[in-house]
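The values are calculated or read from the model by the stated rules, or taken from the named source; none is laboratory data. What you see is a predicted model; the values in this text were computed from it and never measured. Ideal geometry is used to build each Cβ from the backbone, glycine not excepted, and the neighbour counts take in all protein chains shown.
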Amino acid sequence: MTLYRIATYILLAVAALIALPIVVLLPAALANPLMFVSIIIGAALVIYSYTSYRFLKMGVQEYFYCKPSLRTLIKVSSYISVGIAALSVVEAGIMIASPEKLQLQAEEYIKQLPPSAADQGQIISNFMMATPWIMLAYYLIIIPHVFYTWKLLKQYGRVFDPPPARSENDEQ
């Protein structure tokens, strides 16, 4: 359970970083359907991270009543998250397996930069080489987190049951 908590906080921190570009790019995404799909995928990751954190805090640790809509949000966003994570792990694996192709892409990108930014080429190249490893680490955290969350949803399903109605005798 400690690893799950740590993973939840890591996912929450990354979700905050993902949420910033989503908010900024949302108006542009409304005019571009392809960008809108990317925004929805990012939003699913953010929603999953937040709702799993909320379920951990309210339902698992405090054993408070949680609305059934929280369970629905967790399930829907987790399906999208695990699907994207599986695809991204494969993509990162391919990128890591062929670093020379990634290096060629970095060099092509650096050539297209204006001369004033050419001195930052090494930084850009290093970042592009590190990106698959960062993606792999993030998605290898989110996949088992989703499966453990599904297990906790079954185990703590009672927190989604409405609390018993209070009668007049209870108030006295």
Restricted to region 46-97, and to residues that are surrounded by fewer than 16 Cβ atoms within 10 Å (Cβ to Cβ) and among the aromatic types (Phe, Trp, Tyr), which residue is nearest to Trp150 (Cα to Cα)? Tyr79
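Within region 108-127, track down each residue that is assigned to a loop (DSSP other than H, G, I, E, B) and either touching a residue at least 40 places away in the same chain (Cβ under 8 Å) or surrounded by 13 or more Cβ atoms within 10 Å (Cβ to Cβ) (or both). It would help to see each step written out before you state the result.
Kept after step one, since they are assigned to a loop (DSSP other than H, G, I, E, B), are these residues of region 108-127: 112-114.
Listed by number, the list holds a single entry, Leu113.
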Single unsatisfied condition, Tyr9 versus (1) at pLDDT below 95; (2) within 20 Å of Ile141 (Cβ to Cβ); (3) aromatic (Phe, Trp, Tyr): (1)
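This table checks each residue for (1) touching a residue at least 60 places away in the same chain (Cβ under 8 Å); (2) under 19 Å from Tyr4 (Cα atoms); (3) basic (Lys, Arg); (4) assigned to a loop (DSSP other than H, G, I, E, B).
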position	(1), (2), (3), (4)
Cys66	yes, no, no, yes
Ala106	no, no, no, no
Tyr139	no, yes, no, no
Leu153	yes, yes, no, no
Return only the number of the condition from (1) surrounded by fewer than 10 Cβ atoms within 10 Å (Cβ to Cβ); (2) farther than 24 Å from Cys66 by Cα; (3) basic (Lys, Arg) that Lys154 does not satisfy. (2)
Which one of Pro144, Pro163 is out of contact with any Asp or Glu (no Cβ under 7 Å at 6 or more places or on another chain), not hydrophobic (A, V, I, L, M, F, W, C) and not in a helix (DSSP H, G or I)? Pro163
